[in-house]
Amino acid sequence: MHNLSMNDTITAIATTIGESGIGIVRISGKNALLIADKIFLAKNGGKPSDFKTYTMHYGWIVSRQTDIIDEVILTVMCAPKSYTKEDVVEINCHGGIVATRAVLDLVLENGGRLAQAGEFTKRAFLNGRIDLSQAEAVLDTIRAKTDSALKIGLQQLKGALSEKINNLRNILLEIIAPLEANIDFPEEEIGLINLKEASEKLNKIHRELKDTIEAARYGRVIREGLHAVICGKPNVGKSSLLNALLKQERSIVTPIPGTTRDTIEEIIDIKGIPVRIVDTAGILEPRDLIEKHAVARSKKQIDLADLIILLFDGSKKLSKDDVILINKLKKKTVLAVINKIDLKQKIEGDKIKKRFKNIISISAKKNKNINLLEDSIADLVYKGRVLSPESAVVSNLRHIEALKKTQKLVVQALNSLDNKLSIEFIAQDLKETIEHLDTILGKKFSEDLLDKIFAEFCIGK
């Protein structure tokens, strides 16, 4: 976006392309109302540039030849009280590729420029309506896969994270101000610095940063999803378990071992956590080229997985293949699950308990205790935490990295205080912490960073 001017009036289709009841063409910029004047014919007369802000008007989009392009509802939102803090016009036309494209083309012919990805939200940020963390929350809200992810996105969009960061920033400034004053005017009678009070404030900041970073682990899982893989030897019921979790018949289930010869993926909502669950082939020793590829894919999924659901057949004794899998998964996070409890049990549970603390017994076929498995998956993510609806949960990797750098510098400053080092060292560390917090809010940014962030957006947002 380096060569694009903020003086341009931008436009884009703001709804999904395809058949729908309504399609929205959005216009933003200093000429938005003038362009609307040229192409909108109101039923009750008048021009969009004369309409009151936050009003809707019925009429038609017409070409220069007064040909009617579409019947529409036009909405006017005047600067500065609009999404971008610029004049904004939204044309609600009939949904569908032809109608929306015809309206968009007419806007472009009359002076609009096609918006870049995320350019409306970028303008909202650059014009000071939202900070950078709120701008990123717009995308998180759009992409939310579960109610929990949506709540986190909306809280951040409302400014919960911004408020937390600004509070930390203000406390740091309170500590830095007297330090800087003593450094700049050493011979003035400014007064003694209360280093004990400074240390107490820094310890409070450190505790808050630590809690926020710890919560970010599951915030990130809720945002991006948990990659879980169902693993086990052939015919232990992996496909049946996938169907039970999905609550529908997705995988083919037969009594023939090795029915699943490839990985099958689905996304499900477990207690507010988006889980990308993968059913893998249970083949350990491939017999042909197809099975060789299936085994390779299964191994790749296992390597990438956040969680392995290791399935055992409770109606049979532990086999050599079971032991091989147990040993192969020593370094992974594993939930041990004994399936087929509806049948007579022959499995040696004690041998499994030696390797795994918690074992869940289920019947995928009879849909028994599936809820216990879902609870265990959720517990692994939340670790007993309860998310408050007002929580400022960090889920963005860029924010997490900035907070980690801030925490490191706060610890460094505390060590300098404990070791009675010169206040210049302490002040320098704390000024750098402010810089890292400022990158979260967008008080400090590069054009490359903005391009990277907003390139992920859709064109009309």
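Taking 0.36 nm per residue of sequence separation and removing the Cα-Cα distance, the Arg355/Ile68 pair yields an extension gain of 96.0 nm. In units of the rule-of-thumb radius 2.2 N^0.38 Å, the chain shows an alpha carbon radius of gyration of 1.29. Quantify how much of the Cα-Cα distance distribution of the range 7-93 extends past 15 Å, in percent. Summing the P(r) of the range 7-93 above 15 Å gives 56 percent of all pairs. Computed on protein heavy atoms with a 1.4 Å probe, the accessible areas place His399, His94, His57 in the order His94, His57, His399, largest first. Where only DSSP H runs of four or more residues are counted, the chain gives -14500 deg cm²/dmol as its mean residue ellipticity at 222 nm, each run worth -39500 (n - 2.57). Asp438 contributes about 20 Å² of solvent-accessible surface, heavy atoms of the protein only, 1.4 Å probe.
Each label was represented as a point 7 Å from its Cα along the Cα-to-Cβ direction; for Asp418 and Lys81 these points are 5.4 nm apart. As a length-normalised measure over Cα pairs under 8 Å and 6 or more apart, the relative contact order of the range 42-191 settles at 12 percent.
Beyond 20 Å between alpha-carbons counts as too far, so tell me which of Lys357/Lys383; Lys38/Lys122; Lys317/Lys353; Lys299/Lys344 fall in that bin. Pairs exceeding the cut-off: Lys38/Lys122; Lys299/Lys344.
Greater than 31 Å separation of Cα atoms is the criterion. Which listed pairs, Lys85/Lys201; Lys271/Lys332; Lys405/Lys452; Lys300/Lys340, meet it? Don't jump to the answer; show the numbers that get you there.
Values: Lys85/Lys201 37 Å; Lys271/Lys332 22 Å; Lys405/Lys452 21 Å; Lys300/Lys340 27 Å.
Cα-Cα > 31 Å for Lys85/Lys201; rest within.
Between amide H atoms placed 1.01 Å from N, distances below 5 Å from Gly232 occur with Leu311, all of them 5 or more places distant or on a separate chain. In terms of accessible area, using a 1.4 Å probe and ignoring ligands and nucleic acids, Val107, Val98 rank largest first as Val98, Val107.
If you find the alpha carbon centre of the range 1-74 and of the range 105-135, how far apart are they in angstrom? Here the two parts' Cα centres lie 15 Å apart. The HN-Hα couplings worked out from phi for the range 157-171 by the Karplus form 6.51 cos²θ - 1.76 cosθ + 1.60 (θ = phi - 60°) are 5, 6, x, 4, 5, 4, 4, 4, 5, 5, 5, 4, 4, 5, 5 Hz, whole numbers, x standing for Gly and Pro. Between Ala455 and Asn203, the modelled labels are 4.6 nm apart [label points 7 Å from Cα along Cα→Cβ].
Between exposed GluC sites (Glu not before Pro) in the chain, where DSSP calls loop and at most 13 other Cβ atoms lie within 10 Å, what's the longest gap? Longest gap between qualifying sites, sites excluded: 20-186. For Lys353, the accessible surface of its heavy atoms amounts to roughly 130 Å² (probe 1.4 Å, protein chains only, rounded to the nearest 10). Nearest 0.05, what FRET efficiency do Lys300 and Thr55 give at R0 = 60 Å with Cβ-Cβ as r? The calculated FRET efficiency here is 0.60. Please work out the Cα center distance from the range 431-459 to the range 329-382, rounded to the nearest Å. Centre-to-centre (Cα) distance: 44 Å. Taking a ≥ b ≥ c as the square roots of the Cα gyration tensor eigenvalues, the range 308-361 comes out prolate, since a/c reaches at least 1.5 and a/b is larger than b/c.
The values are calculated or read from the model by the stated rules, or taken from the named source; none is laboratory data. Remember, predicted model here, so these are calculated numbers, not experimental data. Don't worry about glycine lacking a Cβ; one is built from the backbone with ideal geometry, like all the others, and counts go over all protein chains shown. Only protein heavy atoms, including side chains, enter the accessible area calculation; ligands, DNA and RNA are left aside. Shrake-Rupley method; radii C 1.70, N 1.55, O 1.52, S 1.80 Å.
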